[in-house]
Structure formats: structure tokens, C-alpha cells
Protein chains: 2
Amino acid sequence: MTKAFIAGSGTTAFGSFPDRTGRDMFAEAGLAALDDAGLTSADVDEVFYGNFVGTLSERQGHQGPLVAEALGTTAPARRVESACASSGVAIRDAVRAVRAGDADVVVAGGMERMSNMGTAGATDGLARAADDLFEVRAGVTFPAAYALLARAYFDAYGGDRTDLAHVAVKNHENALVNDHAHLRQEITVDDVLEAPEIAAPLGLYDACPISDGAAAVVLCSPSYAAEHGLDSGVAITGSGHGGDTMALQDRQSLAKTPGTREAAEAAYDDAGITPDEVGIAEVHDCFTIAEVLALEGLGLYSYGEALGAARRGETRRDGALPVNLSGGLKAKGHPVGATGAAQIAAVRTLLEGTHPQSDAVDDDVTVGLAHNAGGTVASATVHVLEVVA
Amino acid sequence: MTKAFIAGSGTTAFGSFPDRTGRDMFAEAGLAALDDAGLTSADVDEVFYGNFVGTLSERQGHQGPLVAEALGTTAPARRVESACASSGVAIRDAVRAVRAGDADVVVAGGMERMSNMGTAGATDGLARAADDLFEVRAGVTFPAAYALLARAYFDAYGGDRTDLAHVAVKNHENALVNDHAHLRQEITVDDVLEAPEIAAPLGLYDACPISDGAAAVVLCSPSYAAEHGLDSGVAITGSGHGGDTMALQDRQSLAKTPGTREAAEAAYDDAGITPDEVGIAEVHDCFTIAEVLALEGLGLYSYGEALGAARRGETRRDGALPVNLSGGLKAKGHPVGATGAAQIAAVRTLLEGTHPQSDAVDDDVTVGLAHNAGGTVASATVHVLEVVA
């Protein structure tokens with residue numbers, strides 16, 4: 001399919017920055033991405049911006065034009081919202097604009113600011129990613145929802161908390177060298193198992209943190225990229241989007257995520273690849289069980305086979321398929337609206353050799369994947385990135 | 001440019017429905033649009049959904065998959081937010097998906113539910129369409145912001161409140177036969193001038209109401225439309241999107257809306273038409289002055305010339321260029337996230353002869369325009385619709 005060239009990428013540090021504004025953080029990421037591309041805000045044709053709860057955390061809607069202005073442009077801009085998949089979907093729709101020939105240079109990304117909401121406020125805000133009438137009012141929080149998925153998975157395929165703990169240990173280990181990561185702290189399997197339980201079978205270290213941060217990429221059309229010498233490096237060659245019922249009660253099984261499968265099949269088809277060609281992956285590990293479900297939904301593992309992948313070392317940095325070399329949501333952090341774009345920035349820099357973990361990417365790896373999910377995977381995007389020169 | 005065929009359209013009644021849910025209203029509009037097209041939810045490839053303050057009014061984010069499910073599908077869905085232009089932008093991005101060949105059948109539209117928020121809550125919610133740091137905290141509400149625009153216009157070009165009153169009288173008159181309109185009440189120029197002042201020079205009847213409601217259209221790709229006999233009626237032939245600074249303080253002039261001009265020029269260029277070919281228009285008249293600014297931004301009138309258009313009768317139903325035959329936001333109502341889609345549904349049915357006001361459309365009129373604006377036109381979309389058979 002038509003390539004969308006990634007001419008530049010940028011992210012802020014992820015962490016707790018209650019005194020920074022959203023526009024300030026997005027401007028930092030977006031201007032870094034433009035600078036990385038050798039472009040300026042005057043070159044930008046459109047802005048696609050993902051954000052989840054800015055209406056609550058900053059009393060700010062209509063953030064598209066606001067963040068465009070922070071980048072120094074009045075180019076047409078919109079906010080795309082799909083809970084934790086907001087910037088994954090923003091990038092998908094940006095890829096379309098570039099492929100359709102409607103725009104030559106697009107800044108696409110996202111931002112979230114939640115630490116200023118306090119823990120209760122952030123929990124309340126995040127709950128809006130679930131069905132308010134049929135889930136939230138019944139007491140479902142996201143740790144509880146993912147605990148239900150973990151229980152269903154264990155029931156279907158076996159396994160236990162120790163298997164999940166290896167996912168957390170791996171992703172914390174990967175984040176140690178990433179100076180933009182929220183949690184740079186080595187942990188052991190025992191640390192995970194002994195941490196306070198938050199929703200059985202999940203404990204505190206099975207969950208990602210609540211983070212502030214922003215991420216952005218600059219996408220270019222093939223013709224613009226060719227004219228301006230930007231047609232090398234890494235391009236998005238496949239894009240897919242999947243859906244599922246919003247409420248868990250309406251699903252046939254809680255042990256699988258068909259929204260991820262739908263997005264993955266569409267992205268592989270779009271890129272003309274098969275899952276076995278994927279050499280590295282950044283997947284949506286908001287909880288440890290989510291990484292397992294993602295790897296199976298993506299077809300990188302058969303159903304029931306991914307739980308032991310981290311324990312067996314297969315998805316570790318020296319394994320056959322390194323997963324979440326950035327540290328993942330689990331340790332890099334999860335500024336909700338920024339996550340999808342941050343994943344794509346990570347895969348791009350990992351493949352280009354400019355990421356702190358690039359030395360873990362084998363020289364023959366030319367295909368990477370980014371998987372972003374909203375809620376309990378009622379929405380998901382998958383992007384395939386390939387080295388093009 | 002490639003056509004996006006409008007195979008069906010549907011709207012709920014607009015009004016005060018505090019006991020209805022957003023998903024219920026959007027399902028009514030979307031299913032009506034699918035039924036109108038002779039299609040079902042099983043035919044839907046994607047959903048593009050506009051909404052502004054559901055995070056506040058229904059404690060509900062992640063509404064894309066939620067409303068898709070209400071339509072009976074788990075097709076990929078996203079929410080697009082650009083304040084009062086949310087569904088205008090949703091439809092723009094849906095048009096791209098259809099043109100890019102990525103989707104054959106798309107439901108695009110929007111919904112807003114605000115009457116359950118109370119007047120203070122709704123005012124607070126609407127304020128999020130302005131810059132929280134530099135406008136809202138300084139006391140700017142939307143009536144006040146549009147009052148500033150009216151004062152700047154009067155300063156630049158002359159005119160007074162009586163000229164604006166004719167816009168309100170016209171749009172109320174147009175809504176009388178529209179059984180989906182929120183305000184079906186004949187008013188006189190004296191009624192407008194004697195109504196309570198809300199922000200000088202604007203009075204109560206210069207403002208649109210706060211409405212609940214939903215609207216949707218079904219868009220089809222050219223190939224799908226041809227295969228399924230849906231390539232007649234009306235198609236979107238031009239789409240444009242414009243931006244401007246968020247805060248009024250950063251504009252060079254408050255008497256013009258360059259965001260509208262940018263969107264209009266892009267849409268005309270896309271459709272290959274000139275403004276003088278437009279036979280009817282639905283424009284974003286959240287306040288009476290907004291209709292005047294829109295007509296000039298759209299190039300349908302020269303700058304400084306549109307203020308007297310309603311008074312002179314030119315934009316009335318029997319005038320040379322009927323504007324807001326549906327009643328406009330002013331009288332049909334303004335459920336924020338639904339408005340852009342409702343305008344497109346109105347232009348389509350007006351051109352096809354199935355709108356209550358279709359008898360006001362001359363037989364030789366084949367081109368209509370829909371103009372949707374966010375905030376004080378920091379974002380705007382323009383769509384050109386043409387009769388294709």
C-alpha cells in the first residue's frame with residue numbers, strides 16, 4: 001500500500017508533571033519531531049491530535065486548533081478520541097490524509113495530562129473509557145476489568161500470576177536505559193508477587209503508572225518525501241483499526257481480544273506482510289495481562305501460548321521477538337492520549353538505530369509493529385513500520 | 001474530485017430531551033440514515049462520530065465504539081472533536097476514508113446531549129470550546145465572544161442590531177414547517193430588539209438555543225455506489241477544513257473569519273466550482289452575527305456586504321440565495337456535535353426534494369453548501385454537495 005514516510009518523531013519525558021500544560025508538552029514533542037524532520041511549522045498542512053480527558057484535566061475542549069497554535073501554525077487541526085487508543089487512531093486518520101494526497105506534511109500525535117487530577121480524579125477520568133451505564137455504575141474500574149480478563153485467560157489456558165510477573169520484570173528492565181521513561185526501577189518477580197493486590201489476580205506492579213507526556217510524528221506523502229529527500233529511513237506501510245463491543249458483558253469470550261485481531265489482519269494485509277515477518281513490537285501493556293492478550297490477538301503467538309513468552313525469554317531484549325523494548329506502557333509510562341504515537345516513535349527509532357535500545361534490534365530486522373488499544377480493546381489500531389532505505 | 005455519495009441521511013428531532021441517552025439518539029439518526037439508504041448495520045465498514053461534551057454530560061468517553069454498538073455493529077469507530085464543528089470534521093475525515101478506497105460504507109454524524117446539564121452546566125461545558133487559560137479565565141463566554149465579533153464588524157463596516165434581527169426573523173420563519181426544529185415560533189424584528197440583552201449588542205433572540213439531538217449520513221465510495229445503485233441523488237463533491245488561532249486576542253481582525261475562508265477555498269477548489277454556483281447554503285449561525293461573518297468568509301458576499309442580506313430579502317426563502325432554509329442553528333437548534341451532520345442532511349434533502357422547505361429551492365439549483373464552525377471559528381469545515389443524477 002502507499003507508504004506514509006515518517007520524517008521525524010519526538011516525545012517529551014513521561015512522568016508526573018502537574019505544573020506543565022498540555023499545549024506546552026505537545027509543542028515540545030511536535031517541534032522536536034519537526035526539527036528531527038528538518039521542517040518547520042510553516043510546512044505543516046494538517047494536525048491530527050489524540051487526547052482523552054483534557055476536557056476534565058484542563059477544562060479544555062477544541063484542543064486541535066489550540067495545540068496547532070502552540071506549534072506555531074493555524075493549519076486545520078482536529079482532536080481524535082478513542083480512549084487509550086486516541087493517538088493510534090489519530091495517526092491512522094493522518095496516514096489516510098497523506099495517502100489520499102490531501103496533505104503532504106502532517107503532524108500526528110497526542111498528549112495526556114493527568115497527574116494534576118489526583119489519583120481519585122484520574123481513576124474517575126479513566127473510567128470514562130468504559131460504558132458508564134453498564135460497567136462503571138456497576139463498579140467496574142480498569143484494574144478490575146483487566147483482572148476479569150486475566151481470570152478468564154487463566155480459566156481458558158491455565159497459568160498464574162507468576163507468568164504475568166515476568167512481563168512486568170521484562171518491561172521494567174527495558175526501561176532502565178530509556179531516559180524518557182516514567183519508571184526506571186529494576187524489579188524482580190518476587191517484588192511483583194509481593195506488591196499490594198489491586199484487583200486479584202493483579203497487583204500494583206501488574207499495572208502501568210498514570211503519566212503525563214506527549215508524543216508526535218511527522219508524516220509525509222510519497223511525492224513530498226521524494227522531492228525533499230525524506231524518502232529514506234522508516235515508513236508506515238500498513239494501518240489497521242478494529243472494534244469490539246464496549247461493555248465486557250456483551251463479549252463472547254474474555255480470553256481473546258478480537259478488536260486487536262481485526263486491526264492486525266487489516267494492517268498486515270495493507271502492508272502485504274505476514275506476522276512472522278515482524279521483528280520487534282510495541283504493544284499495549286496497560287496491565288501485564290494486556291501484553292499477553294495483545295501478542296495473541298496480533299497473531300504473533302497462538303491463543304494460549306503467549307503467557308509464558310516473557311518467562312521463557314522469547315520477548316526479552318535478547319529473545320527472538322523483543323516486545324516493548326521502550327519499557328512499554330508498564331515502565332515507559334502511559335500518558336493516555338500520547339501512547340499510540342509514542343509507540344510509533346519508539347518503533348521508528350528502534351529500527352533506525354537511534355533508540356537507547358536499538359542495540360537489541362538484530363541487523364536483519366526491517367519490520368516493526370505498534371499496537372494501541374482503547375478501554376478493554378473496544379478499539380485498537382495496528383501500524384506496520386518498515387525500513388525503506 | 002472523487003465523489004462521496006450520500007446514500008442516506010437521518011436526524012432526530014432537536015429539542016430538550018434530558019431523559020434520552022446519547023447512544024439512543026445517535027442510534028435513531030444512524031439507523032434512519034441506513035434505512036434511508038436501503039442498507040443495514042452489517043454493511044457498515046466504519047463509523048466517524050462527532051461529539052463535544054459527552055465526557056461531562058454523560059460521564060462517557062470512548063463513544064466511538066459505544067455508538068457503533070448502538071447501531072448494531074463493532075465496525076471500527078472513532079470520536080472526532082472540534083467543538084461545534086465536531087461532526088463537520090468527522091464527515092470530512094469520513095469522506096477521505098471513502099475516497100481513499102479504505103471503506104465502502106461509512107456512517108458519519110454526531111450527537112450532543114446538554115439539556116441534562118442545566119444552563120450553568122451547559123454554559124460551563126460550552127466554554128471549553130474557547131482557550132481556558134487566556135479567554136475563559138478572563139471571563140469570556142460565547143455570547144460575549146460573539147458580541148465582540150459583532151462590535152468589531154459594526155466598527156469596520158457599519159450597521160446595527162436591527163440588521164442582525166432580520167437574520168433571526170428569517171431563520172425562525174424557515175423553521176416553522178420543520179417538524180424536527182427546536183424553536184417553531186414566529187418572531188418579529190421588534191421581538192428581537194426588545195428581548196433581554198445577553199451581551200451587548202446581542203440579545204436573547206440573537207442566540208441559538210441549547211439543544212439535544214443527533215444526525216447522521218451514510219457515505220458510499222463511488223465503486224460501491226455504482227454496484228448497488230446508490231450513485232444517484234446527491235454527493236459530496238468538495239470538502240475543506242480551515243483553522244485559526246484559538247484565542248481572539250491573537251487575531252489580526254475580529255471582523256473576518258479566515259478559518260471559514262480557508263475551508264471554503266479548499267472546498268470550492270476540491271469540487272471545481274466557484275462561489276456563484278452555490279444555490280442554497282446552510283451556515284453556522286450560532287449567533288445572528290455568525291451568519292453574516294459566514295456568508296462573507298464563504299465568498300458568497302464581499303466583506304461588509306452580508307449584514308443587510310436578510311433585511312433586503314436576498315437570503316430569505318424567496319430570495320436569490322436561500323440561507324438556512326432548515327431554520328439554522330438559530331431555530332432548528334444546535335446540538336453541538338450533531339450540527340455539522342444535520343446541515344449536510346438538510347442540504348441533501350433540500351436538493352433531493354424531500355425536505356419540508358424543498359419547494360423554496362429553484363429547479364435549476366444543483367449545488368448546495370454546508371458550513372460548520374468551532375468556537376469563534378478556530379476551526380471550520382465547508383462541504384459542497386451536488387445533484388449527480
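Each value in this text was obtained by applying a stated rule to the coordinates, not by laboratory testing. In this text the structure is predicted, and so the values were computed from the model without any measurement. Cβ placement follows ideal geometry from the backbone for every residue including glycine, while neighbour counts extend to all protein chains displayed.
Brief remarks follow.
- Inter-copy spacing of B:T354 label points, which lie 7 Å from Cα along Cα→Cβ, given in nm from shortest upward: 5.3
- Phi-derived couplings, Karplus 6.51 cos²θ - 1.76 cosθ + 1.60 at θ = phi - 60°, listed residue by residue for the range B:201-217: x, 8, x, 4, 7, 7, 10, 6, x, 8, 10, 9, x, 9, 8, 8, 10 Hz, with x used for Gly and Pro.
- Cross-link partners of A:K3 among lysines (Cα-Cα below 26 Å; sequence separation of 8 or more within a chain): B:K3
- Relative to the longest principal axis of the Cα atoms of chain A, the long axis of helix A:22-37 makes an angle of roughly 60 degrees.
- Between copies, B:G139 shows label-point distances of 4.9 nm, shortest first, with the point placed 7 angstrom from Cα along Cα to C-beta.
- Between helix A:86-99 and chain A: long-axis angle, C-alpha atoms, 0 to 90°, nearest 10: 40
- Per residue, the convex hull spanned by the alpha carbons of chain B comes to 116 Å³.
- Per residue, the convex hull spanned by the Cα atoms of the range B:133-172 measures out at 79 cubic angstrom.
- Exposure proxy order (Cβ contacts within 10 Å, fewest to most) of A:R99, A:R113: A:R99, A:R113
- Shape call, the range A:123-197: gyration tensor on alpha carbons, a/c limit 1.5: oblate
- Per residue, the average separation of C-alpha pairs within less than 8 Å and at least 6 apart gives the range B:129-236 a relative contact order of 22 percent.
- Each copy carries a label point for B:Q252 at 7 Å from Cα along the beta-carbon vector; from one copy to the others these points are 5.9 nm apart, nearest first.
- Taking every C-alpha pair closer than 8 Å and separated by at least 6 residues, the mean separation divided by the residue count of the range B:211-336 gives a relative contact order of 24 percent.
- With distances taken between every two different alpha-carbon atoms, the range A:142-235 has a Kirkwood hydrodynamic radius of 16.3 Å.
- In chain A, the DSSP-assigned H stretches of four residues or longer account for a calculated mean residue ellipticity at 222 nm of -11000 deg cm²/dmol, using -39500 (n - 2.57) per stretch and the full residue count as denominator.
- The Cα-based radius of gyration and maximum Cα-Cα distance (Dmax) for the range A:285-339 are 11.2, 32 Å.
- Size of the range A:227-366 as Cα extents on the principal axes (Å, biggest first): 50, 36, 30
- Alpha carbon convex hull of the range B:66-127, volume per residue in cubic angstrom: 84
- Taking a sphere under 13 Å around the Cβ of A:S16 and counting the other residues whose Cβ falls inside, with K and R at +1 and D and E at -1, yields a net charge of -1.
- Ratio Rg/Rh [Cα only; Rh per Kirkwood] for the range B:157-303: 1.02
- Principal axis dimensions, largest first and in whole angstrom, of the protein assembly as shown by Cα: 79, 47, 46
- Interchain or long-range residues, amide H under 5 Å from B:L369's placed H: B:I280, B:A281, B:E282, B:L385
- Cβ crowding within 10 Å, taken as a proxy for footprinting-reagent exposure, orders A:L369, B:L149 from fewest neighbours to most as B:L149, A:L369.
- One Cα centroid belongs to the range B:288-356, the other to the range B:146-170; the line between them spans 16 Å.
- Alpha-carbon centroids, the range A:103-141 and the range A:261-281: separation in whole Å: 28
- Look at the alpha carbon pairs under 8 Å that are at least 6 residues apart: their mean separation over the length of chain B gives a relative contact order of 26 percent.
- Tensor-based shape of the range B:42-91 (alpha-carbon gyration tensor, a/c under 1.5 rounded, otherwise prolate or oblate): oblate
- Only alpha carbons enter this Debye calculation for the range A:23-155, each as an equal point scatterer, and the log10 of I(q)/I(0) it gives at q = 0.11, 0.13, 0.18 Å⁻¹ is -0.48, -0.63, -0.96.
- The magnitude of the dipole of the protein assembly as shown, with charges of +1 and -1 set on the Cβ of Lys/Arg and Asp/Glu and taken from the Cα centre, is near 1120 debye.
- Computed over the range B:304-389, Kirkwood Rh from alpha-carbon pairs, angstrom: 13.7
- For q = 0.10, 0.15, 0.22, 0.24 Å⁻¹, Debye-computed log10 I/I(0) when each Cα of the range B:1-96 counts as one equal scatterer: -0.26, -0.59, -1.31, -1.53
- Rounded tilt (10° steps) of B:142-157 against the dominant C-alpha axis of chain B: 60
- Shape category assigned to the range B:199-249 from the gyration tensor of Cα positions, a/c cut at 1.5: prolate
- Projecting the alpha carbon convex hull of the range A:64-222 along each direction and taking the average yields 12.7 nm².
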